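**Student:** Below are the C-alpha cells for one structure; questions will follow.
What follows is calculated from the coordinates using simple rules that are stated; it is not laboratory data. Since the structure is predicted, the reported quantities are computational estimates derived from the model, not experimental observations. Positions of Cβ are backbone-derived with ideal geometry, glycine not excepted, and every protein chain shown enters the neighbour counts.
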Amino acid sequence: MHPRAGPVTTTSATAPATTERRWRSLVTIYRATGRTAVLQAIQYRVPLFLMMAALLTEPVVYLVVWRSVARESGGSVDGFTEGRFAAYYIVWTFVRQTSQFGTGMGWEQLIRSGDLNKWLLRPMHPIHDQLAGSPAFSLVQIFLWVPIGVPLVLFFRPDMHTTPLQMVAFPLTILMALVIGVLTNAIIGFTAFWLTRIRAIVNVVWTMSLLLSGRLVPVELLPSWARAISSVLWFRWIMDFPITTLIGPTSGRDILIGLGMQALWIGLATLGVRTIWRRGVRRFGAVGG
C-alpha cells in the first residue's frame, strides 16, 4: 500500500463528518433563533397588532376603489369581479404580513454605525439570523391576522376558487417569497459597503415593487409589457404569485412554473449575497468598519 494511503483515507472520512457537524450546528442555531423570534413577537403582540391594523388602510383603499370600478364597468374588469377583487386584496393583507419584512435600511445602519463588527465575530453569516427569525415571526403574525382578516371576509365576501393542491402549495409559496425578500433586501443593503446612504436605491426598488409586484394593481390587469417585466423580476413572485395561488383559479402547471421562478430567484439571490458580501466585507475591514 502506498504510504500516503492512510492519511488520504482519514481525510475523506472526516470530511463528511465535518460537514454533518456544520449542518447540525446550523440547525441548532436556526431553532434557537426561531424560538427567540417567536418569544419576542409574543412579548410585543399588542404593538404588532396595532401596526397590522394600521397597515390595513392601504389594501382596503385599493379594494374599495377596484370594487367600485368593477361595479361601474358592468360587474368586472378584465375578468376581475367584485368578489375576486375582494379575495385578492384580503389575501394581499395576509401575504404582506407573513412574507415581507424590512428593507435594506437595516443593513445600512449596521454597516454605517460599525455595529456589523459584532456580527463578524459570530460563527455564521448574519443573513442566517433573518432567515431563521422571519419565518418564526410569521407564525405569530398569522394569529394576529385572524381577528382582522375574518371581519374582512365576512364584510366583503370574497370569491375564492381554491383546490386542495392550491392550499398545499400556498404555504410553500409564502415561505419561498419570504426567503427571496430577505435575500434581495440584503443585496440592496450591502450596497452600503460602498455608498454612504442607500435610501435613494431603496426608494427606487420600493417604487418598482409597488408597480410590478401586484401590490397596487393585480398583475393580470397590467399592460402586456408590464406583465412581461414583472414576470422576469422577483417582485411578482413574492406578492402576486402567492395571492393567485390561493384564490385561483389556477392550474397545477402554473403553480409549478411559479415555484420554479421562486426557486430560481432564491438561487440567484443567494449567489448575489455571497458574492457581494465577500467583496463588501473586505472593503469594510479595509476602512476600519
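**Student:** Give me the distance between the Cα centres of the range 115-158 and the range 220-289, rounded to whole Å.
**Tutor:** The two parts, judged by their Cα centres, are 18 Å apart.
**Student:** Next question. Ranking request for peptides 179-185, 71-77, 111-117: highest mean number of other beta-carbon atoms within 10 Å first, then the rest in descending order.
**Tutor:** Details: 179-185: 23.1, 71-77: 12.3, 111-117: 14.6.
Highest-to-lowest ranking by the protection proxy: 179-185, 111-117, 71-77.
**Student:** Separate question: Using only the alpha carbons of the range 25-286, determine the length spanned along each of the three principal axes and report them from longest to shortest in whole angstroms.
**Tutor:** Principal-axis extents of the Cα atoms in the range 25-286, largest first: 64, 42, 33 Å.
**Student:** Below 8 Å between Cα atoms, with a sequence gap of 6+, how large is the relative contact order for the range 25-286 in percent?
**Tutor:** Details: 294 pairs, mean separation 67.2, N = 262.
Answer for the range 25-286 is 26 percent.
**Student:** Of the peptides 56-64, 86-94, how do they stack up when ordered by the mean number of other Cβ atoms within 10 Å, highest first? Present the calculation step by step, with values, prior to reporting the outcome.
**Tutor:** Values: 56-64: 15.9, 86-94: 23.8.
My ranking of the peptides, most packed first, is 86-94, 56-64.
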